[in-house]
């Protein structure tokens, strides 16, 4: 099945402590059905010092379930669902709300 949300997409968080926030998808974990969004779902991690890295408490993004994010519509800027169409023999993603092609 084709991915509805891909790395580099602009998404809006629908549920959780960061509801309403938007950001860019850094990483998609398809086997776990999770995504990592830049600047959203921040956690504190205690990092041990090594020869290459500084130790201490660092902030980083944690993954969230893919159902808690929705693609940001390119034309309206609101959350939208994703559909697929075949254009010129190529399968492309389409925003359901506006009908605009997301990648083509």
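For 42, 64, which order do you get if you count the other beta carbons within 10 Å of each Cβ and list the fewest first? Don't skip to the end; give the middle numbers.
Values: 42 11, 64 19.
Listed from fewest to most nearby Cβ atoms, that is 42, 64.
Taking square-rooted eigenvalues a ≥ b ≥ c of the alpha carbon gyration tensor, is the chain rounded, prolate or oblate, where a/c under 1.5 means rounded and, failing that, a/b exceeding b/c means prolate? Taking the square roots of the gyration eigenvalues as a ≥ b ≥ c, the chain is prolate.
Pull out a ≥ b ≥ c, the square roots of the eigenvalues of the alpha-carbon gyration tensor of the stretch 55-104, then state rounded if a/c is under 1.5, prolate if not and a/b is larger than b/c, and oblate in the remaining case. Prolate, because a/c is 1.5 or more and a/b exceeds b/c.
When 65, 46 are arranged by Cβ crowding within 10 Å, least crowded first, meaning fewest neighbours, the order is 46, 65. Highest GNM mean-square fluctuation among 43, 66, 12, for the chain modelled with Cα contacts below 10 Å: 43. Relative contact order of the chain, taken over Cα pairs closer than 8 Å and 6 or more residues apart, is 20 percent.
By the count of neighbouring beta-carbon atoms within 10 Å, fewest first, 86, 37 end up ordered 86, 37. Orientation-averaged projection of the stretch 12-69 equals 4.6 nm² [convex hull of Cα atoms, one quarter of hull surface area].
All of the numbers you see were taken from the coordinates with simple rules; none came from a lab. Values in this document were obtained by computation on a predicted structure and should not be read as measured data. Every residue, glycine as well, gets a Cβ built from its backbone with ideal geometry; the counts of neighbours run over all protein chains shown.
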